[in-house]
Amino acid sequence: MAAGPYNYSYIFKYIIIGDMGVGKSCLLHQFTEKKFMADCPHTIGVEFGTRIIEVSGQKIKLQIWDTAGQERFRAVTRSYYRGAAGALMVYDITRRSTYNHLSSWLTDARNLTNPNTVIFLIGNKSDLEAQRDVTYEEAKQFADENGLMFLECSAKTGENVEEAFLDTARKIYQNIQDGSLDLNAAESGVQHKPSAPRNAINTDQPANKEGCAC
Amino acid sequence: MAADVHQQIMPLERKFSLQDSPRSPTVLPWDRFSNWLHCACVVTFDLELGQAMELVYPGHVKLTEREKINICYLSFPDSNSGCMGDTKFHFRIRQCPGRKNHILAHDDFNRECPASLQIDNAYYYGYVYFRQTKDKSIRRGYFQKSLVLVSKLPFIPLLEHMVEIMAPEYFDNGEPSLEAACHDIDQWPEPTPGETLNLPLMGSVVQVRIPSRSDKVIGAVQTKTHTVPQIPVNHVLQSIHETDLFSAFQPVLQHLQLMWELVLTGEPVVVMASSPTLCANAVQALVSIIWPLKYCSDYRPYFTIHDSEFKEYTTKTQAPPAVILGVTNPFFAKTLQHWPNIVRIGETSGDASPRAVLKLKKSSSLKTLDSKPGVYTRYKPYLSKDKTILKRLSKGIQLKRPVEVQSAMLRRFLLELTQSFMIPLERYMASLMPLQRNISPHKGPPVLKPFNVEEFLKTLDHSGPQLTSGLKGDWIGLYRKFFKCPNFDGWYHFRQKEVNQKLQALHLEALCKEDLVNWVRDKQEVEIVDLVLRLKDKMISAQNNDIPVSMDIVKKLKCHLHSIISSLPEDLQSVLKTHL
């Protein structure tokens, strides 16, 4: 039930990046609301979305920063990238130009995040097969060459949207488990809930034995 | 100690509302009208088409085809019962899904009104005034027409009063009178709970008081001192929602408590009567038999074979749905003979001679609506009968006591019965409340403990209904049956929501007193953003009136947010500020 109590052990920060009109906000909306937003306004600056998911029995809150794709906002996006544990890099399979710009988005993502940030490539609008302009194979090859995870999705039908967000979280969680992601690093983008907070502020979760920070 | 704390937490006062917010200043024509009515319809009998919609007023109002068809059929008597002259009754239909005509005044109303009067946005009521007279100038020689007021409001006496004023005027003078009446209604203030309103309509003024959740259920109605009526009032409506229980139940008064149990536990009930007026009044009386508890299933004061839910509700392949239907067409006697509970209301002859519960007879005896009044059921009541009330009422009949007084006695008896049943539940619910001292800014808001049926039943030994009611019987059995029905779910979720909102509010107040800026100092960015986002969510909830806190608290929270954000790196500040 919606009103039910919840609790989470981690917060993961995600950013969604990519050209204007590739469907970033629609992907976010589909993931958080399970609905397709037909007339989506241009994102100005950044919008936030959150959802609590479960990975290996652990509740994780995703804090998703949905960025503006317009070029003129590009200069102000430094703080968007900082501390992101996951980056979803989106292009539109029906518009080759959005695919061609991926290397520039990837450069930003690599330069502005830490080496452990999981980057997931999403080819959106997979429902528009007839208008396809970028093949699955070439995008897959690009992803492999750059060490990215990859899926084609449709924000409209919801196909693979859950998978993209959840696979990213699983990968981040795995990095934490095998120690490759250092939670103590200031910009890991992951906040673990200490089990005995001295003075934690908690706005949502019920009081529990672990006592969650925030 | 614990009890004191509960009392501190329980009262749910709303300290502010957004009346002054930017939503009100621009009132458009028909905005105020739609607080009260969706539209008025004129339904006529066309010799070629049968019932047909002649007029919808105001013209811009939308009804789907299905809604129009339902309104057409439900606005006329369903059987050949010879409703000569003028007939008043009401019906209830489902609004076709997917249409958004949300009225903000209705949200405000729902927040403050008694739970049992809350507007259900999925339904419309139709308040009908039907006229059938001989008219030689018309082919076939009959004038047959209905004026119908379509509204979301469950104010039966008020809307019936309105249609009673408007319809004769319309039949005499045509559309201009309808236009004038609707213009009057478009000047009316919002139906704000607790207010006494003077409502001008076609040259007269009706004075009504809108019931409020904080009204005492039993006892005198409180009126606010500042709402002393200033205009001379032609008509004071004693109640906008309470119908005449006594007249509605008179033929079956002997089975009062049986009917109370049937409605309380959400049993399927069909009311068969000889006219739409009788069946509508009886269904409405049944729905209100458990007030202040809200009846949570569907009910149709008047239901016909043309209704779009006819198949759904009369199918024999499934158990009868837990709804209350009022019917007049003899055809239903056969269609619904498999229903477990049938209430037959004969003509009101004024004779209310006591009859025993008739056992469900063979179907042959149920074929017509001429069967004797009574309740045909296999249901065995859990509680014994209170004979005193029946004696008092039958004495009232002998003494020719006014029906209003008889109804008031009946309503009081039923209220006390329902309260005897509910008080142990309310008391148990209060024991599930967390203590005030568990509310801390360093923890989440505490939540209500889960409802445990067995634990509740254990409390009945020392604080059960026997404290307030002398009735003997299997109360535990009745509770168990009640827990399985929608009325319990409805009550529980309503209470749960109320309590959780209050806890949220108290938690928010606690947060406001905390030095959040200091707390944020050694936290990571992700965590601070998380805090900012959640404080923002809380603020939105508070501003939307989902959390009952004062504007002062909201302001303080805003200050906190600004200071937290100001303590952050500049680029992040600009990101977060656009979201406030």
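Enter the accessible area per residue of chain B (Å², integer; probe 1.4 Å; all protein chains in place).
Details: 26320 Å² over 580 residues.
That works out to 45 Å² for each residue.
Let me have the relative contact order for the range B:240-296, percent, based on Cα pairs under 8 Å that are six or more residues apart.
Numbers: 36 pairs, mean separation 25.3, N = 57.
It comes to 44 percent, rounded to a whole number.
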**Report entry** the range B:245-480 - share of DSSP beta bridges that are antiparallel (%, nearest 5)
**Finding:** 30 percent
Query raised in the report: In percent, how large is the relative contact order of the range B:396-467, given Cα pairs closer than 8 Å and 6 or more residues apart?
Result: 35 percent
Query raised in the report: In chain B, if every C-alpha pair distance is counted and binned at 10 Å from zero, what percent goes to each bin?
Result: 3, 15, 23, 24, 18, 10, 5, 2, 0, 0
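Mind ranking A:Val161, B:Val236 by accessible surface for me, highest first, 1.4 Å probe? If you can, show how the numbers build up before the last one.
Values: A:Val161 5, B:Val236 80 Å².
So, going from the largest accessible area down, we get B:Val236, A:Val161.
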Requested in this report: Ratio to report: Rg/Rh of the range B:148-201, with Cα atoms as the point set and Rh obtained by the Kirkwood method; give two decimals.
Outcome: 0.97
Query - Rounded to whole Hz, the Karplus (6.51, -1.76, 1.60) HN-Hα couplings of the range A:21-33, x for glycine and proline - result: x, 7, x, 4, 5, 5, 4, 4, 5, 4, 6, 8, 10
Query raised in the report: For the range B:24-176, which whole percent of the accessible surface, found with a 1.4 angstrom probe, sits on carbon and sulfur atoms?
Result: 50 percent
**Report entry** Using θ = phi - 60° and Karplus 6.51 cos²θ - 1.76 cosθ + 1.60, couplings along the range B:312-328 (whole Hz; Gly, Pro as x)
**Finding:** 4, 8, 10, 4, 9, 7, 10, 5, x, x, 7, 10, 10, 10, x, 10, 10
Report task. Using per-residue counts of other Cβ atoms within 10 Å, averaged over each peptide, order B:483-491, B:296-304 from highest down. Result -> B:296-304, B:483-491
Report summary line: Phi-derived 3J(HN,Hα) across the range B:402-411 with the Karplus relation (6.51, -1.76, 1.60, θ = phi - 60°), rounded Hz, x for Gly and Pro, is x, 4, 4, 5, 4, 4, 5, 5, 5, 4
Query raised in the report: What's the average, rounded to a whole number, of partner chain beta-carbon atoms within 10 Å of each residue's beta-carbon in B:528-537?
Result: 5
Report summary line: Taking placed amide H atoms and a strict 5 Å upper bound, the residues 5 or more places from B:Gln207 or on another chain that come that close are B:Leu199, B:His235, B:Val236, B:Leu237
Report summary line: Here P(r) for the range A:34-169, Cα-Cα distances in 10 Å bins, as whole percents, is 11, 41, 40, 8, 0
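Strictly greater than 14 Å: what percent of every Cα pair in the range B:511-580 meets that? Can you show the working numbers first?
Values: 1386 of 2415 pairs.
Counting every Cα pair in the range B:511-580, those more than 14 Å apart make up 57 percent.
Given the pairs B:Lys216/B:Lys513; B:Lys502/B:Lys555; A:Lys13/A:Lys125; B:Lys68/B:Lys311; B:Lys311/B:Lys472, which span a C-alpha to C-alpha distance of over 29 angstrom in this model?
On the way: B:Lys216/B:Lys513 35 Å; B:Lys502/B:Lys555 18 Å; A:Lys13/A:Lys125 24 Å; B:Lys68/B:Lys311 18 Å; B:Lys311/B:Lys472 41 Å.
B:Lys216/B:Lys513; B:Lys311/B:Lys472, as the Cα separations exceed 29 Å there.
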Query raised in the report: Using alpha carbons only, how many degrees (0 to 90, rounded to 10) separate the axis of helix B:387-398 from the longest principal axis of chain B?
Result: 50 degrees
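At a probe of 1.4 Å, how much accessible area disappears from chains A and B on forming the pair, both sides counted, to the nearest 100 Å²? List each step's numbers first, then the result.
On the way: alone 10880 and 27740 Å², together 35800 Å².
In total, chains A and B hide about 2800 Å² from solvent.
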Requested in this report: Give the Rg (one decimal place) followed by the Dmax (whole number) of the range B:245-480, computed from C-alpha coordinates and expressed in Å.
Outcome: 20.3, 71
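Percent of alpha carbon pairs in the range B:65-143 separated by more than 19 Å?
Working: 1704 of 3081 pairs.
That fraction is 55 percent.
Taking each residue in B:567-577, count the Cβ atoms of any other chain within 10 Å of its Cβ, then average. What number comes out? Don't skip to the end; give the middle numbers.
On the way: counts 0, 1, 3, 1, 6, 5, 1, 4, 10, 3, 1.
Partner Cβ neighbours, averaged per residue: 3.
The values are calculated or read from the model by the stated rules, or taken from the named source; none is laboratory data. These figures come from a predicted structure and were not determined experimentally. Please note: Cβ atoms are built from the backbone with ideal geometry, for glycine as well, and neighbour counts cover all protein chains shown. SASA here: full protein model, heavy atoms, side chains in, ligands and nucleic acids out. Shrake-Rupley method; radii C 1.70, N 1.55, O 1.52, S 1.80 Å.
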